[in-house]
Amino acid sequence: MEKRRLGRTDLHVSSLSLGTMTFGEQNTEAEGHAQMDMALEHGVTLFDAAELYPTPPKAETQGRTEEIIGSWIKARGNRDKIVLATKMVGRSANTWFRDGGVTANLSRANVEEAVDKNLKRLQTDYIDLYQIHWPDRAVPGFGSNPTIWQAPKPVADEVPIEETLSALADQVKAGKIRHIGLSNESPWGTMTWLAAAERLGLPRVVSIQNAYSLVNRTYEVGLAEIGLREDVGLLAYSALAQGYLTGKYRDGALPAGARKTLFDRLNRYEKPGAEEAINAYLDLAAELGIASSQLAIAFARSRSFMTSVILGATSLAQLEHDLASLEVTITPEIEKKITAIFQKHGSPCP
């Protein structure tokens, strides 16, 4: 497993990492432990969580994923062998994240409460990478728009990025977190975080966790150059387009136990033009004699701006299959074929 430097830090993380958002909903504690065992055995060192998880978000399950990771760390005694990443929510109307039933935002008080709760659930005294799950300001996100950008209604009491960064910097000073990352962030937002760090002499963000896949390459529009020039590494989620690039939903199929079958929350990958683009990549994989999921992961992993591709699985067989994508190489010939499809279909799932 190749290791890649995380931003400008002294941490090097595996080029494939393990996402855990199914732990506590689609996966039991024992199944989550087994996945983490397998990932570590295969050289995965970066494990990604969030206070929101598992998904879909619910008050009665919120935080369960971190608790499962925490019980694994305690049982295995292997905290020093992994790079642990988690997140706090951005602005949210949900009232179950904070004490007192208040809505969440990215104020100093929210940062302090969130970090302490993350640490308690994870049963650790420090977090290697602490990420803002989404911005405090009003921005389009999670495929909510029919286009790449659609101006939302501004938030009246928007928390300044400087306040959030200052609060996180204090958590770094206290030794509770080591490094700061972003998620679901825009080019403007990323540069504003970096500029604030330079202006105020505070820690700079080292990573950004955004969606990136064969059918959603919007990261390349503005963020790719920022990532490369500013050393803000991409941690890509949904490289398999939430399962669509595996082919399991082709022609309207609804496999038992699959996320769409259970929750029907995958509209980001069901927009006009998406089916045609997805099928083109599935057909290409068949033509090449490569499993479509392995082709999709290998493509994401091969990008010059990629630090780590986050894998998500609900079974050990799925995880082992995805880890085998390390054996797939995106040759110039395959790249040319992928480019031809992209030029025809673009990014239908922003």
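Annotations for the structure displayed:
- Here 49, 39 are screened, and the one residue that is in contact with a Leu (Cβ under 6 Å, 6 or more places away or on another chain), closer than 19 Å to residue 128 by Cβ and modelled with pLDDT of 95 or more is 39.
- Residue 346 being small (Gly, Ala, Ser) and on the phi > 0 side of the Ramachandran plot: yes
- Contacts under 9 angstrom Cβ, first residue in the range 166-183 being in contact (Cβ under 8 Å) with a residue 24 or more places away in the chain and open to solvent by 10 Å² or more (accessible area, probe 1.4 Å), partner small (Gly, Ala, Ser) and part of a helix (DSSP H, G or I), 6 or more apart: 166/196
- Close pairs (6 angstrom Cβ cut-off, 6 or more residues apart or separate chains): in contact (Cβ under 8 Å) with a residue 40 or more places away in the chain and closer than 16 Å to residue 294 by Cβ in the range 325-337, among the polar types (S, T, N, Q) and crowded, with 17+ Cβ neighbours inside 10 Å anywhere: 325/294
- Scanning the range 58-111 for residues being among the hydroxyl-bearing types (Ser, Thr, Tyr) and surrounded by 22 or more Cβ atoms within 10 Å (Cβ to Cβ) gives a total of 2.
- Residue in the range 27-36 that is within 21 Å of residue 115 (Cβ to Cβ) and either of a type in the set (S, T, N, Q) or not in a loop (DSSP other than H, G, I, E, B) (or both) present: no
- Pairs linking a residue in the range 262-275 that is closer than 13 Å to residue 214 by Cβ to a residue that is polar (S, T, N, Q) and open to solvent by 30 Å² or more (accessible area, probe 1.4 Å), with Cβ atoms under 8 Å and 6 or more positions apart or on different chains, are 269/242.
- The set of residues in the range 128-152 that are modelled with pLDDT of 85 or more and assigned to a loop (DSSP other than H, G, I, E, B) comprises 133, 134, 135, 136, 137, 138, 139.
- Within the range 193-218, restricting attention to residues that are without any contact (Cβ under 8 Å) to a residue 40 or more places away in the chain and of a type outside the set (A, V, I, L, M, F, W, C), the residue that is nearest to residue 106 (Cα to Cα) is 203.
- Candidates are the residues of the range 120-145 that are open to solvent by 20 Å² or more (accessible area, probe 1.4 Å) and closer than 20 Å to residue 203 by Cα; the one that is farthest from the chain's Cα centre (by Cα) is 125.
The values are calculated or read from the model by the stated rules, or taken from the named source; none is laboratory data. Just so you know, these numbers come straight off a predicted model, no measurement behind them. So basically every Cβ, Gly included, is an ideal-geometry build from the backbone, and we count neighbours across all protein chains shown. All accessible areas refer to the heavy atoms of the entire protein, side chains included, with ligands and DNA or RNA removed. Shrake-Rupley method; radii C 1.70, N 1.55, O 1.52, S 1.80 Å.
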